[in-house]
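Trainee: Quick one: structure below, then a few questions.
None of the figures in this text is laboratory data; all of them are computed from the coordinates on show. Since we're looking at a predicted model, the values are computed, not measured. Reconstructed Cβ throughout: ideal geometry from the backbone, glycine too, with neighbour counts over all protein chains shown.
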Amino acid sequence: MSKKTPKKQSAKEEKPAKKKESAWEFTRSMVILIGAVLLIKFFVCDIFFIPTGSMEQTLHGHPDNGDRILCTKLNYLWRNPERWEVFVFKFPYEQTPEGDNSSYKGEYFIKRCVGLPGESLALIGGDVFVLPSEYINKPAVAEKAERAVKPDHIQRTLWLPVYNEDFKDLSLEEFQYYWQLPKTAASSLSISGSRLNIDAGNNPMTITFKPHTRFGSLSGIPDRYVRRQVVEFACPVIGCKGRVRKTVTSPKMTARCPICGEYLQESDVISYDFRTGYPSNYQSSFEKVSKVAVPQYRGEWWHFVPDLSLTTGVTLKDSKSSVLYTIIVDNTTYNARLTATNLELTKGEEKLQDIPLALTPEKQADFQFYHLDGQLRAYLNGKELCDITVDPTHLSSAITNPQKTDVALTFSGGVTLDNIDIKRDIFYYNYRDSRGFFRLPADGYMALGDNCPSSNDSRFWGPVPQANLTGTAQFVWWPLHAIKMLH
């Protein structure tokens, strides 16, 4: 009896089953993928766009090309926000003392956490003073409020550029536009090979930085002094080698190719730089007259910043050469004298510290000196040399908004500078009451923008409730040239 061979199914009979199975697999995969994306978006992390400039320079905001950030939502499941971290939250109120803000309802805001639940905060002299939560619902005792000092890793993010010069393609006349030079400067100063050469001999020579505007010099470095950005565009047209180097003073960067006439946008920028700053609101701050000999200081617009950083690349010719780095706040002078063998720090006539060094003459070193949050700090080649408290740690009537600030360099002997970099800290202030306290409830946080003069924040609409917190801003992921971790 012969065995019957089973009939082989034709390819036509197999196809419908396979198609049905493939469609089901695809649908199931897509459902799982979409579900996973939604779970991640709502419970793990999310992506946000920065449309405004309230967090400049930490975050670049623009309606068209602002930064894109990644926010982690899991952090606040096991911990609360920490002071100074950048966080995301839903706008807390519809109605504020300043008026109707209902248009912001449901929107996400990004700010820096400055005040914690139960605290009372005073914003005076540009700094933050904190009254502990034990004083909640009690009268504010001003002298108990302690100055909040920012840690180094946070401060490196918060320094704002005021002036930067590497002496490339710079004449002495251009340098003198931003520095007050003595009459002997012509014979003692020279610029060559991207370096400033000083031969002061035995007579110390001082140069003083002068913040400059189209209306004249200022008596200090104000909180509205921001960088003037210099960018270089490359034409994207195939075969065109057009390049444009342009100074821009607004978030929107555009130019035209000098060869083919193509309109260039921020995506065509190949390098970013800045030379010096300019006051962003000079038209509002000064009288709108074309020729004003002496600018009018207006307290409601300008706040001179006491927390300043001065950095240079320095080469000493010999053991007798020295550079004196000076920061002046009103009538108080903070000095750091750098020689090959030591660093001497003084406050006025008071000697604070003498630090032995072993610098090699004719060898370049990087030195940074700054006054910040009531402290003096100095760094040599990135290594901290000192951290000295020089101002009151608690709030007192002696702490006021300064009316004058200066930065100066004094040279003795032969010195060469490779660059000069001046930065300023954020200047926090209260719009309504210069010495009043902001009281935070037991579940409220104070959120302030890094661009303090132009930020819609807790100073206007109050604290952020715990229930409105979304997560921690972790890093900028777009545009490519701005990728960085946020601190």
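Trainee: How large is the charge dipole for the range 330-451, taken about the Cα centre, if only the Cβ atoms of Lys, Arg (+1) and Asp, Glu (-1) carry charge, to the nearest 20 debye?
Mentor: 200 debye
Trainee: Next up: Using +1 on the beta carbon of Lys and Arg, -1 on that of Asp and Glu, and nothing else charged, what's the dipole of the range 53-190 about the Cα centre, debye to 20?
Mentor: For the range 53-190, the charge dipole is close to 520 debye.
Trainee: Still on this structure: Where does each of 424-431, 169-176 land if you order them by average Cβ count within 10 Å, highest first?
Mentor: Sorting 424-431, 169-176 by mean packing, highest first, produces 424-431, 169-176.
Trainee: Return the whole-Å distance between the Cα centroid of the range 375-392 and the Cα centroid of the range 145-218.
Mentor: 20 Å
Trainee: Given points 7 Å out from each Cα along the Cα-Cβ axis, report the E349 to H153 separation in nanometres with one decimal.
Mentor: Placing both labels 7 Å beyond Cα along the Cβ direction yields 4.4 nm.
Trainee: Could I ask something else about it? Going by average Cβ density within 10 Å per residue, which order do the peptides 139-150, 72-83, 328-339 take, highest to lowest?
Mentor: The densest-packed peptide leads the list: 328-339, 139-150, 72-83.
Trainee: Near the amide H of H60, under 5 Å away, which other amide H atoms are found, from residues 5 or more places off or on another chain, if H is placed in the peptide plane?
Mentor: HN-HN under 5 Å from H60: D67.
Trainee: A 20 angstrom limit on the alpha carbon distance is what I want to check against. Which of K351/K404; K363/K383; K317/K363; K105/K484; K183/K363 exceed it?
Mentor: Distance filter (> 20 Å) returns K351/K404; K105/K484; K183/K363.
Trainee: Å³ per residue of the Cα convex hull, for the range 299-440?
Mentor: Hull volume over Cα atoms, normalised by residue count, gives 125 Å³.
Trainee: Towards the positive end of the charge dipole of the range 347-477, with charges on Cβ (+1 Lys, Arg; -1 Asp, Glu), say which of A442, V407, P453 has the farthest Cα.
Mentor: Ranked along the dipole, the leading option is A442.
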